[in-house]
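Chemist: So that we are looking at the same thing, I have put the structure below in structure tokens.
The values are calculated or read from the model by the stated rules, or taken from the named source; none is laboratory data. Treat the numbers as computed from the prediction; the structure is a model and nothing was measured. Here the Cβ positions follow ideal geometry from the backbone for every residue, glycine too, while neighbour counts run over all protein chains shown. Please note that ligands, DNA and RNA were not included when accessible areas were found on the heavy atoms of the full protein model with its side chains. Shrake-Rupley method; radii C 1.70, N 1.55, O 1.52, S 1.80 Å.
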Amino acid sequence: MSKRSIDVDAARRLVDEISANLDSLPAGGARQAELRAELDALRALLGREDAENPEIEDRMKSVHGKFDRYKEELQAEGLRVGMFLSAIGRMIGLD
């Protein structure tokens, strides 16, 4: 058995914490389903005794990448919503 440089227990706790946060969100959405699938795949990989560091690192990078992309999408959505709210406020004389 090779020595792992990744703290698998810490990674499992993180996956559990992220999963719990996803569970607390309102159901639905393609982003949530994709994140759930990535987390489930990572959880399964972390549960394997024969999982190698490069496999774990690749899967963790995949989860990280999805979060980054979704964060950017949500920020852009928030800006658009803010612009719409400002326009509506101006139209009804609130601004």
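Chemist: Suppose a student asked you for the relative contact order of the chain, using Cα pairs under 8 Å spaced at least 6 residues apart; what percent would you report? Show your work: numbers first, answer last.
Modeler: On the way: 32 pairs, mean separation 25.1, N = 95.
That works out to 26 percent.
Chemist: Compute the angle between helix 8-24 and the longest alpha-carbon principal axis of the chain, please, reported from 0 to 90 degrees and rounded to the nearest 10.
Modeler: With rounding to tens, the tilt is 30 degrees.
Chemist: Hand me the trypsin sites (Lys or Arg not before Pro) from segment 1-82 located in a DSSP loop with no more than 15 other Cβ atoms within 10 Å, in residue order please.
Modeler: On the way: sites: 3, 4, 12, 13, 31, 36, 43, 48, 59, 61, 66, 69, 71, 80; in loops: 3, 4, 48.
Loop-located and lightly packed - 3, 4, 48.
Chemist: List the pair-distance distribution P(r) of the chain, using every Cα-Cα distance, as the percent of pairs falling in each 5 Å bin from 0 up to the bin containing the longest distance, rounded to whole percents.
Modeler: Going from the shortest bin to the longest, the percentages are 2, 11, 18, 18, 13, 10, 8, 6, 5, 3, 3, 2, 1, 0.
Chemist: For the chain, which whole-number percentage of the solvent-accessible area (1.4 Å probe, protein heavy atoms only) is attributable to carbon and sulfur atoms?
Modeler: 58 percent
Chemist: In what order, largest first, do 60, 83, 91 sit by accessible area if the probe radius is 1.4 Å? Each step should come with its number before you reach the end.
Modeler: Details: 60 60, 83 125, 91 155 Å².
Descending accessible area places them as 91, 83, 60.
Chemist: What size of dipole, in debye to the nearest 20, comes out for the chain about its Cα centre when the only charges are +1 on Lys and Arg C-beta atoms and -1 on Asp and Glu C-beta atoms?
Modeler: Here the size comes out at about 240 debye.
Chemist: Helix 53-91 versus the longest principal axis of the chain: what is the Cα-based angle in degrees, 0 to 90, to the nearest 10?
Modeler: Between helix and principal axis, roughly 10 degrees.
Chemist: Can you give me the accessible area per residue for the chain, using a 1.4 Å probe, in Å²?
Modeler: 73 Å²
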